[in-house]
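The values are calculated or read from the model by the stated rules, or taken from the named source; none is laboratory data. Keep in mind the model is a prediction, meaning the values are calculated, not measured. Positions of Cβ are generated from backbone atoms using ideal geometry, with glycine treated the same way; all protein chains shown enter the neighbour counts. Accessible surface is based on the protein model in full, side chains and every heavy atom, while ligands, DNA and RNA are left aside. Shrake-Rupley method; radii C 1.70, N 1.55, O 1.52, S 1.80 Å.
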Amino acid sequence: MESNERHDPDHLKPKYFNPDMVLQKAGHGSYVETQLGEVYLVHLCSRPFRPELRCTLGRETAIQKMKWTEDGWLRMADGSNIAKEYCEESALPEYKVSQIPDFDDFDGEELGNFYYAPRIMPQSFADIHARKGYVRLRGQESRTSLNKVSILARKLTSVYATITTKMEFVPEVHQHSAGLIIYYDNMNYINLRKYYSETLGQSAISIIALENGVKTEFVNTRQAVDNVPIYFRLEIRGKHSQFYWGYDGEHYEKIGIPFDTTKFSDEYCKYGEFTGTMVGITCADRVKHKHYADFDFFEYVAKEDYPVE
């Protein structure tokens, strides 16, 4: 029996797309009733790029104001059945919650709980005590591995975002690399990396990408760099994502071509993780799993009020 739904050409069900709605794929709701008797439904949804209908942000969460009808049915407060982008606020007093910082200088005593790593705990390779004010990433397996991969990432929450980091890293052999990554799964990512180039005989930077398992090293992006602190940046502007680099944190040079942001989605990726796209820092030592990179900061600045399309 074939249980892989992706073999069904209709598994993404584009026939259910409603062009008049911002929120698509609404469902899997959780019922909430406040102390004041207000009723809400918290549910999953997606906001696809159009016309590609690709959901780069993966599963998102929305909330709707609800009501009980006189005959005992739970309905949306406005009487419709369309998920809304905006929701009426509760009359309860506002409760302040801590915000995830845009800029993390790694000066704290613990690694922020807003970081993710594929399949393992970030603390198994990310150390904020080894060097004060830095996070030290110990390199492990290739980023295509399903086992021990050193990727410290945050979830992409907007398709308009700027991600910047400052790194100190001295690769010694070609199996050593570290840098900035946009990551969907182990078969789909783009990595601006510093590594040891056997062709150049010294440290270099270049962009390497996997697209549904097909690996491409953009050789035209390869260039020698000094073993001094280096800044990497990724600018995501809707459907286009562009990498930059520099030495001083003020002047950045474009590197490589703009990449198609929409491809980071279940709809394009053949395997599908549904978690959405991640952005982060990474290090690899594919031989001894000991060589490391130090990152001075990680900055994630998103503009949440932009539409996906």
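For every residue, the table says whether it meets (1) open to solvent by 70 Å² or more (accessible area, probe 1.4 Å); (2) more than 20 Å from A302 (Cβ to Cβ).
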{"residue": "K13", "(1), (2)": "yes, yes"}
{"residue": "F17", "(1), (2)": "no, yes"}
{"residue": "Q35", "(1), (2)": "yes, yes"}
{"residue": "V42", "(1), (2)": "no, yes"}
{"residue": "C55", "(1), (2)": "no, no"}
{"residue": "C87", "(1), (2)": "no, yes"}
{"residue": "K96", "(1), (2)": "yes, yes"}
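Only one of (1) over 21 Å from R138 (Cβ atoms); (2) among the hydrophobic types (A, V, I, L, M, F, W, C); (3) open to solvent by less than 50 Å² (accessible area, probe 1.4 Å); (4) touching a residue at least 24 places away in the same chain (Cβ under 8 Å) is not met by I230, so which one is it?
Of (1) over 21 Å from R138 (Cβ atoms); (2) among the hydrophobic types (A, V, I, L, M, F, W, C); (3) open to solvent by less than 50 Å² (accessible area, probe 1.4 Å); (4) touching a residue at least 24 places away in the same chain (Cβ under 8 Å), only one is false for I230: (1).
So which residues in the range 211-232 are in a loop (DSSP other than H, G, I, E, B) and either in contact with a strand residue (DSSP E or B) (Cβ under 6 Å, 6 or more places away or on another chain) or of a type in the set (S, T, Y) (or both), if there are any at all?
Result: V225, N227, P229.
Since Y196 meets every condition but one in (1) within 25 Å of D127 (Cβ to Cβ); (2) buried (at least 19 other Cβ atoms within 10 Å of the Cβ), which condition does it not meet?
It fails just one condition, (2).
When the range 186-206 is examined, which residues are found to be more than 15 Å from S142 (Cα to Cα) and among the hydrophobic types (A, V, I, L, M, F, W, C)?
Across the range 186-206, the qualifying residues are L200, A204, I205.
Report yes if E235 is assigned to a loop (DSSP other than H, G, I, E, B), of a type in the set (D, E), out of contact with any His (no Cβ under 9 Å at 6 or more places or on another chain) and open to solvent by 10 Å² or more (accessible area, probe 1.4 Å), otherwise no.
no
Could you tell me which numbered condition T61 fails, if it satisfies all but one of (1) outside any loop (DSSP other than H, G, I, E, B); (2) among the β-branched types (V, I, T); (3) under 22 Å from the mean Cα position of the chain (by Cα); (4) surrounded by 11 or more Cβ atoms within 10 Å (Cβ to Cβ)?
T61 satisfies every listed condition except (4).
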